[in-house]
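Step one of this worksheet: look at the structure below.
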Amino acid sequence: MGRDKLGAATAPGQLRPAGVKSYQQNAGHGMVTMEDVARLAGVSKMTVSNVVNNRDGVGDLVRQRVLEAIRRSGYRVNVSARTLRSGRTGVIGLAVPDIELPYFGHLAAHVIEAAGRQGFHVAIEQTGAAAAGEADAIAHSRTLHFDGLILSAVELDRLDEHPAEAGYPLVMLGEQDFGGRFDHVAMPNEEGTKAATTHLADRGCRRIAIVTGRASDDVNMVTRRHRGYLAALAERGIGIDPALLFSLDDASMEAGREAACRLVDSGHEIDGVVAVTDTVALGVLRGLADRGLRVPEDVRLIGFDDIPESGFTVPSLSTVAPDHRWMAERAVELVAQRIRAPLRPTVQYIAPFELMIRESTR
């Protein structure tokens, strides 16, 4: 065993991160300085300053080398001094409906990871999927002087003025359509649901129900997923039966279970179900079992989100799998770009996805 110049033990043959030099802080030197980080990373002090303050002009590889040097050296940014000097805190907010829901918990983990690579810390707030909670998150981020906010909006829409009054970089993530007013990383709502419904039709299903929220005149997640379902039926020449369009008051497992029970109890034949989320699909799976129907032998079932639990049910759940990591990386990237260039045109992304075909539709 040896020791690198940071005092960390290294085994024979152990490799240090590429491009990061060794550095020994002399006894009595005290706090690690920006100059120390610069020597460790093999760059100038100005480059370290640019990385710490999230300025433009630093390549990704150099930025990663500096961040690794900061981590290895134990360098601590003087947040108060940086805030006074640059007007930035190095913190971005992430506001989601409910961090306990599997989808949002895993999305938050990806955002934290992506933000760390950009030199940001992340503060998480829950909105309760309510317009008031979303408006409060916008206001709190301004009060706390966050550098920006990533907002997964469920209730606020393109007509609401709260986002427009934020006064700092704001990136929308996920469901709602804001008409291009803000940077937005959107879910493939229509495209994904169309693909899911088409998959059921290709497996021979002709009585395909959809279990979703309440569609409205507004362009929101439910409306877009409903459109995808209808488009797939039309392309396959399958008639639309209003009795198979089931609306939920909330997207919970219990609501999904109740929906499945009521669909079966109605006496209408079903051989396939598209669920608005995997969480709802898990409830539908239970409800079908409660009524003595087997998946996939009697009814094929597909969800949306690809939460980790979907691979562990019996049968395992087929689902639309948006690229959550890609979404998180693009959202953080857009915040960082907006911080550096506040007046640039807005950017709209739709996340890529794939169908994860598992036992529930085979």
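Figures for the structure shown
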quantity	calculated
Residue match in segment 123-131 (condition: farther than 16 Å from residue 182 by Cα, more than 17 Å from the chain's Cα centre (by Cα) and assigned to a helix (DSSP H, G or I))	yes
Residue count for segment 317-335, restricted to those that are over 30 Å from residue 253 (Cβ atoms) and surrounded by fewer than 22 Cβ atoms within 10 Å (Cβ to Cβ)	1
Single residue of 114, 195 found to be of a type in the set (A, V, I, L, M) and touching a Leu at 6+ places or on another chain (Cβ under 9 Å)	195
Subset tally (residues that are basic (Lys, Arg), in a helix (DSSP H, G or I) and under 23 Å from residue 101 (Cα atoms)) for segment 303-359	2
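Read-outs throughout are calculated quantities, based only on the coordinates presented, and are distinct from any laboratory measurement. Here the structure is a predicted model, which means the values were calculated and not measured. Note: ideal-geometry Cβ built from the backbone for every residue, glycine included; neighbour counts use all protein chains shown.
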